[in-house]
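Engineer: Input: one structure, supplied below.
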Amino acid sequence: MREMAEAFNAAHADRGVRVAITFFPDFQYGEKIAIAAAARDLPDVLDLDGPTVARFATAGVLQPIDRWFAREDLEDFLPTIIEQGTIDGRLYALGAFDSAAVLYYDRAMLARAGVEPPPFPRGWTWDEFLDACAALRAANIEPVALHMNESADEWFTYAFLPVVWSAGGRIIDAEANRVTGALTSAETVRGAERWQTLFRRGFAAANPVDPDPFGNGATAMDWSGHWMARSHAKNKGENLGVMPLPTLGDKPVAPCGSWCWGMTSSARRPELAALWLRWATDPVQGVERIVRANGAVPARRSAFAAFPEYGEPPYQLFRYQLENFARARPRTPFYATLTMQFAGALRDIAQGTDAAARLAIAEREVQAVIERRITKEATP
């Protein structure tokens, strides 16, 4: 990021335009933005996580940025990036990279259990997935790692919300700002109960210790993200396979989303702030630089030419998902509360708590926060 800023400053020196970037630990970031907004001391641009865009746009912290990008440039971005940054029909944020979650597998371990993986790029149905897990367990092979030892709430929502989606469920009616009837719908409960089967049947560890059991050869499959691709390829070599996440419905569903850039409403010279937004998301100056540094998925189609590995699995699947069936997390100003409560429910469900009852608790907690905030905002 510093190199990007230095290159930007050198390229715009003749115009006297400079960018200065301030870094914060991510656990402080939201609070820093809130304090700066209250003090009317916001910077011209912000880097923010995709699910938080709605919160800042609704609060008036961000301004739309679609007018600063040509139509052909916007068409070059992956549809998931556009979806993530669009609130109420206006584009508020664009990112240089995206993310992908997949099911990695060890070909040799599956073969020992007599399990045949689906042809690329198809994934398993949920029943096919359970059958594969059962065959692996019968062969004394640990079936799958779900990384339940992850401390962040966001992993649980990001990784396992697609199970609910594939069952036809949802965790919020974002347009109406209501979770009542969404978190406890028959489809959402069904998705959570089917996911719980992995723990009840001993196919996945609810309290794992090893952060990388698949890479260490302890499990046959890994429910994980693009960030593990290089490590897994190094450890597994030709034995590494990849497929989309298993689905409860007729169509596959995948998560997506990552950090993105937005322009604050207080930007004094929005035309200059837009120079940085275009630079930070430019295929060469922004996308290629940051993706080479962080290993994420390029956010622009034209940038894939710089990454030939995306012509082969597992990287090929990352792009395929994002262009065809990935779905942004709920775009709601109440996302922080929603993800905390949903993740907490999933943790308890993995430990054996009744899914319907636990989701009902989460639903009441989230709806109470929504109603308190709406009431407070409506009070003159």
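Engineer: In segment 1-55, what count of residues is obtained for those that are in a helix (DSSP H, G or I), among the hydrophobic types (A, V, I, L, M, F, W, C) and modelled with pLDDT of 95 or more?
Structural biologist: Going through segment 1-55 one residue at a time, the tally reaches 9.
Engineer: If you take the residues of segment 154-204 that are farther than 28 Å from Ala132 by Cα and not in a loop (DSSP other than H, G, I, E, B), which of them is nearest to the chain's Cα centre (by Cα)?
Structural biologist: Going through the qualifying residues, I end up with Asp173.
Engineer: Name the residue, out of Ala145, Ala134, that is surrounded by fewer than 18 Cβ atoms within 10 Å (Cβ to Cβ) and touching a residue at least 40 places away in the same chain (Cβ under 8 Å).
Structural biologist: The match here is Ala134.
Engineer: Shifting gears a bit: Tally up the residues in segment 290-306 that are in contact (Cβ under 8 Å) with a residue 40 or more places away in the chain and more than 21 Å from the chain's Cα centre (by Cα), please.
Structural biologist: 1
Engineer: Considering only segment 269-289, state which residues are acidic (Asp, Glu) and more than 21 Å from the chain's Cα centre (by Cα).
Structural biologist: Glu271, Asp282
Engineer: Could you tell me which numbered condition Arg372 fails, if it satisfies all but one of (1) out of contact with any helix residue (DSSP H, G or I) (no Cβ under 9 Å at 6 or more places or on another chain); (2) surrounded by 21 or more Cβ atoms within 10 Å (Cβ to Cβ)?
Structural biologist: Arg372 satisfies every listed condition except (2).
Engineer: Does segment 123-134 include one or more residues that are part of a loop (DSSP other than H, G, I, E, B) and either farther than 15 Å from Trp223 by Cα or among the aliphatic types (A, V, I, L, M) (or both)? First the steps, then the outcome.
Structural biologist: The first filter runs over segment 123-134 and keeps only residues part of a loop (DSSP other than H, G, I, E, B), leaving 123-124.
Narrowing the set further to residues that are either farther than 15 Å from Trp223 by Cα or among the aliphatic types (A, V, I, L, M) (or both) leaves none.
No; the residues of segment 123-134 include none that is part of a loop (DSSP other than H, G, I, E, B) and either farther than 15 Å from Trp223 by Cα or among the aliphatic types (A, V, I, L, M) (or both).
Engineer: Take segment 78-121 and flag every residue that is of a type in the set (A, V, I, L, M), over 25 Å from the mean Cα position of the chain (by Cα) and not in a helix (DSSP H, G or I).
Structural biologist: Ala113, Val115
Engineer: Further, regarding this structure: Just one of Glu323, Glu309 is touching a residue at least 24 places away in the same chain (Cβ under 8 Å), assigned to a helix (DSSP H, G or I) and acidic (Asp, Glu); which is it?
Structural biologist: Glu323
Engineer: Still on this structure: Can you list the strands (runs of 3 or more DSSP E) found entirely within segment 205-284 that contain at least 1 residues being touching a Ser or Thr at 6+ places or on another chain (Cβ under 7 Å)?
Structural biologist: 219-225, 259-264
Engineer: Within segment 91-114, take every residue that is touching a helix residue (DSSP H, G or I) at 6+ places or on another chain (Cβ under 7 Å) and free of Cβ contacts under 8 Å to residues at least 60 places away in the same chain and give me the one that is surrounded by the most Cβ atoms within 10 Å (Cβ to Cβ).
Structural biologist: That would be Leu91.
Engineer: Hey, does segment 335-353 have a residue that's part of a loop (DSSP other than H, G, I, E, B) and over 22 Å from Pro162 (Cβ atoms)? Give the derivation first.
Structural biologist: Taking segment 335-353 first, the residues part of a loop (DSSP other than H, G, I, E, B) are 351-353.
Among the residues that remain, those that are also over 22 Å from Pro162 (Cβ atoms) are: 352.
Yes, because at least one residue in segment 335-353 is part of a loop (DSSP other than H, G, I, E, B) and over 22 Å from Pro162 (Cβ atoms).
Engineer: So in segment 16-60, with the set limited to residues that are touching a residue at least 60 places away in the same chain (Cβ under 8 Å) and at positive phi, which one is surrounded by the most Cβ atoms within 10 Å (Cβ to Cβ)?
Structural biologist: Selected residue: Gly60.
The values are calculated or read from the model by the stated rules, or taken from the named source; none is laboratory data. If you're wondering where the values come from, they're calculated on a predicted model, not measured in any experiment. Note that each Cβ is placed from the backbone with ideal geometry, even for glycine, and that neighbours are counted across all protein chains shown.
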